[in-house]
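Just below is one structure, and these are the notes that go with it.
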Amino acid sequence: MRLYAPNKEELAVLLTAPSHFSGWAVIDDSLPPPSLLARAITPESAEWLKPRLFVDDGNQEIVGSACFKTKPSGGTIEIGYGVSSQRRCRGFATTGVALMVKEAFESPLVDAVLASSLPTNAASRKVLEKSGFVVCGSGIDKDEGPVEIWKKTKPPNHSTEPTPSSVTRPAEQAARQT
């Protein structure tokens, strides 16, 4: 699975005719709410606010989506995510959350990622736990009521630069082939 960040023209297509998109089948309830798609199309919308689609290349399907709810502020950013009810319990949410966190931590503007979950949503709580989040508080969601606030902090030695062991230089590559 991978994340795909559609451009504004593609978001407009998703908003008006979402059954198929760029050769992928759009599984029912896999897209973000229309209000988030519309928000991302506005001229003042930042790259941060574009939804990311969870693409299952093996089956050529969009199975879910995620978004950054706001731009980074004070070193934090909040994510939201969802997977089609037809594709749950297959690891898509966990993989998608991990990819969103990775993207956030690649920015020097982000030191922590927040997410919220209903206390009764065991599946979402499990995704956040497996992704290294910890409960840091509670709040009230205007649509869903009481929620737990989860947080994952960027490791102090996190770097977006490749590590020396992950970089293969031409001389090393030649030596490995002999």
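Which of the residues that make up the range 35-57 are farther than 23 Å from Leu99 by Cβ and either crowded, with 22+ Cβ neighbours inside 10 Å or of a type in the set (A, V, I, L, M, F, W, C) (or both)? Ala38 - this is the single residue of the range 35-57 that is farther than 23 Å from Leu99 by Cβ and either crowded, with 22+ Cβ neighbours inside 10 Å or of a type in the set (A, V, I, L, M, F, W, C) (or both). Just name the residue that is surrounded by the fewest Cβ atoms within 10 Å (Cβ to Cβ) out of those in the range 130-153 that are in contact (Cβ under 8 Å) with a residue 12 or more places away in the chain and of a type in the set (A, V, I, L, M). Of everything passing the filter in the range 130-153, Val134 is surrounded by the fewest Cβ atoms within 10 Å (Cβ to Cβ). Across the range 105-124, the qualifying residues are those that are assigned to a helix (DSSP H, G or I) and small (Gly, Ala, Ser), and the one among them that is surrounded by the most Cβ atoms within 10 Å (Cβ to Cβ) is Ser124. Within the range 33-87, the set of residues being charged (D, E, K, R), modelled with pLDDT of 95 or more and closer than 19 Å to Trp150 by Cβ comprises Arg52, Glu78.
Would you confirm whether any residue within the range 1-19 is over 25 Å from Val135 (Cα atoms) and of a type in the set (Phe, Trp, Tyr)? Scanning the range 1-19, I find at least one residue that is over 25 Å from Val135 (Cα atoms) and of a type in the set (Phe, Trp, Tyr), so the answer is yes.
Note on the range 11-37: residues that are more than 18 Å from the chain's Cα centre (by Cα), closer than 18 Å to Gly82 by Cα and in a helix (DSSP H, G or I) amount to 1. All conditions in (1) out of contact with any helix residue (DSSP H, G or I) (no Cβ under 7 Å at 6 or more places or on another chain); (2) crowded, with 17+ Cβ neighbours inside 10 Å; (3) farther than 17 Å from Ala104 by Cα hold for Val127, with the sole exception of (1). A single entry from Ser124, Ser165, Ser131 fulfils the requirement of being farther than 16 Å from Arg52 by Cβ and modelled with pLDDT of 95 or more: Ser124.
Looking across the range 70-101, just one residue is assigned to a helix (DSSP H, G or I), surrounded by fewer than 21 Cβ atoms within 10 Å (Cβ to Cβ) and of a type in the set (Gly, Ala, Ser), and that is Ala98.
Condition check for Val147 on (1) part of a helix (DSSP H, G or I); (2) farther than 18 Å from Glu47 by Cβ: one failure, at (1).
Scanning the range 100-116 for residues that are small (Gly, Ala, Ser) and either farther than 16 Å from Lys50 by Cβ or in contact with a helix residue (DSSP H, G or I) (Cβ under 8 Å, 6 or more places away or on another chain) (or both) returns Ala112, Ala115, Ser116.
The values are calculated or read from the model by the stated rules, or taken from the named source; none is laboratory data. The shown structure was predicted, so the numbers you read here are calculated from the model rather than taken from an experiment. As a convention, Cβ positions derive from the backbone with ideal geometry for all residues, glycine included, and neighbour counts pool all protein chains shown.
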